[in-house]
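Peer 1: Okay, here's the structure, questions in a sec.
What follows draws every value from the coordinates through simple rules; no lab data is involved. All values derive from a computational prediction rather than experimental measurement. Here the Cβ is made from the backbone with ideal geometry for all residues, glycine too, and neighbour counts use every protein chain on show.
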Amino acid sequence: MKNRILIVFILLVLAGCAVGPKYSKPDVKKNQAYTQATVQTDSITNLKWWDVYQDTVLQSLIRIAVDSNLDIRTAIARVDEAKAILGFNQANMFPFLDYSARGRASDFRSAAEGAGVAFSQNSLAVLGNVSWEIDVWGKLRHANRAAYADLLSTDETRKSIYISIVAQVAELYFQLRGLDERLEITRRTYQTRMEYLNIITLRFEKGDVSELDKLQAQNIAAAAQAQLYSIERTIIATENALNILVGLPYSPITRGLQNDQQQLPLDIPSGIPSELLERRPDIRSAEQQLVAQTERVGIAVALRFPSLSLTGILGVASPDISNLFTADAFLGSVTGQLTGPIFRFNQNKRRVEAEKAKAKQAAYQYEKTVLVAFAEVENSLAEIRTYRNEFTARQTQVAATEQSLTLSKALYDNGYTSFLQVLDAERELYNAQFEKSLALQYQLISTVRLYKALGGGW
């Protein structure tokens, strides 16, 4: 009993002799506050996406995408794979028990016996084999921790994909509603230009205007008609992109609120930069990749040291089945084996160096992920502010061009100016309305991008 206790004690001591580096979190550079933020005391990421996007049609599209998107399903399957790999590695920590059964029947003649090649004619054996590698240097523990970090990283990647899909659906939906608005603007413009063309054609036929006025009217009417087809083509492509996100073949997308009816907050509270390191799944995923690679360095270091394994056999064997389970038939043995490298032409050393180089790469990628995350937040905050101001300026521009067109028409009808001035005023109004629609669309999309950049949504 004392010997057994001593053996167990020795094994426990050896199991504590883990080699290899221990993970320490890199110290990344970050500002104390976002330079573009107007509200920093809170973060909109405390809200779920269904609290941010109030359009019920958009909410429905996002829910369908979350349930049916193939990228999300693939990410979930990768998480299941990582769980299985972790379980596979954890099994290495325990003894393996295998079994084998063997039977033999032989018939040797007297000549063979005389030649000295005969042996026991019949034999039966049922054996249980136990093998266990003692984790002296922490190789198996490093492997388990690496697999667990891979699992966490994969799960964070799944969350990143989740956030990305929610954001993509919202962006495409606002883009689609913006296209609908610009399609309606272009239709109205086309109808107005066709009215111009009809009036100018009648005046031309009466000799009141030159053919140049008629050709100019035809030109702008055809341009508006061509723009209609261009927008229609873009709408179909956008609907297709949305259908792919929700995992369905093409079908027209149901519309909800118009962009100017959306209730997204214009001043989104961004919180403080330190929160971003905890909220962004891609940052957490990059850190877990660094953790996993640090553990792989430990595996490589442990491979430079000898490994200790125990092998045991327990079973029964007999030349006669009737005596197979008697006391004399039982057998057992235990073997301890210590193996280690002596000279491998620096192969093991180079393996450690390679894993350390990979760890450096993972650390650099983690730092880059953090920098990109902060940049995305700052860019999104700047986009919200500038697109809001641009939209206000576009509203003023539209009002001014509407009045300018009205005055140009009056001057032309009374013979004080040429039709070219009317055309210029009409083009400026169309362009101003078009740009106003784009500014509102981009303003809404920038709020989506900020929400995504802050790590919200899942």
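Peer 1: Just list whichever of K159/K358; K48/K356; K29/K436; K409/K436 have alpha carbons separated by over 32 Å in the model shown.
Peer 2: Numbers: K159/K358 25 Å; K48/K356 40 Å; K29/K436 39 Å; K409/K436 23 Å.
Where the Cα-Cα span goes over 32 Å, the pairs concerned are K48/K356; K29/K436.
Peer 1: Considering the dipole of the chain built from charges on the beta carbon (Lys and Arg +1, Asp and Glu -1) around the Cα centre, which of S24, L172, I200 is farthest to its positive end?
Peer 2: With unit charges placed on the Cβ atoms, the residue in question is S24.
Peer 1: Moving on. How large is the charge dipole for the range 46-87, taken about the Cα centre, if only the Cβ atoms of Lys, Arg (+1) and Asp, Glu (-1) carry charge, to the nearest 20 debye? Provide the component values of the computation, followed by the final result.
Peer 2: Working: 5 positive and 6 negative charges, 20 e Å.
Here the range 46-87 has a charge dipole of around 100 debye.
Peer 1: For a protection proxy built on the mean count of beta-carbon atoms within 10 angstrom, sort 373-383, 338-348 highest first, please.
Peer 2: Values: 373-383: 19.3, 338-348: 9.6.
Packing proxy ranking, top to bottom: 373-383, 338-348.
Peer 1: About its Cα centre, what dipole magnitude does the chain give when the only charges are +1 on Lys and Arg Cβ and -1 on Asp and Glu Cβ, stated in debye to the nearest 20?
Peer 2: 1880 debye
Peer 1: Quick check: the angle from helix 139-206's long axis to the longest principal axis of the chain, C-alpha only, nearest 10 degrees?
Peer 2: Its long axis makes an angle of about 20 degrees.
Peer 1: Give me T35, T326, T154 sorted ascending by neighbouring Cβ count inside 10 Å, so fewest comes first.
Peer 2: Starting with the residue having the fewest Cβ neighbours, the order is T35, T326, T154.
Peer 1: Turning to a different aspect of this structure: In deg cm²/dmol and to the nearest 500, what is the mean residue ellipticity at 222 nm of the chain if only DSSP H runs of at least 4 residues count, each as -39500 (n - 2.57), divided by the residue total? Could the numbers behind the result be given before it?
Peer 2: Working: 11 runs with 293 residues, N = 458.
One gets -23000 deg cm²/dmol as the mean residue ellipticity at 222 nm.
Peer 1: Cβ neighbours within 10 Å, averaged per peptide: list 362-368, 57-63, 200-206 in order, most packed at the top.
Peer 2: Working: 362-368: 16.4, 57-63: 18.6, 200-206: 14.4.
Ranking the peptides 362-368, 57-63, 200-206 by packing returns 57-63, 362-368, 200-206.
Peer 1: Cross-link candidates for K206: which aspartates and glutamates have Cα within less than 16 Å, leaving aside residues fewer than 8 places away along the same chain?
Peer 2: Cα-Cα hits under 16 Å: D413.
Peer 1: Nearest 10 degrees, 0 to 90: what angle lies between the long axis of helix 56-68 and the longest principal axis of the chain (Cα atoms)?
Peer 2: In the chain, helix 56-68 runs at an angle near 30 degrees to the longest axis.
Peer 1: Got a sec? Charge dipole of the range 209-347, +1 on Cβ for Lys and Arg, -1 for Asp and Glu; which of S333, I299, I272 is way out at the positive end?
Peer 2: After comparing all options, I get S333.
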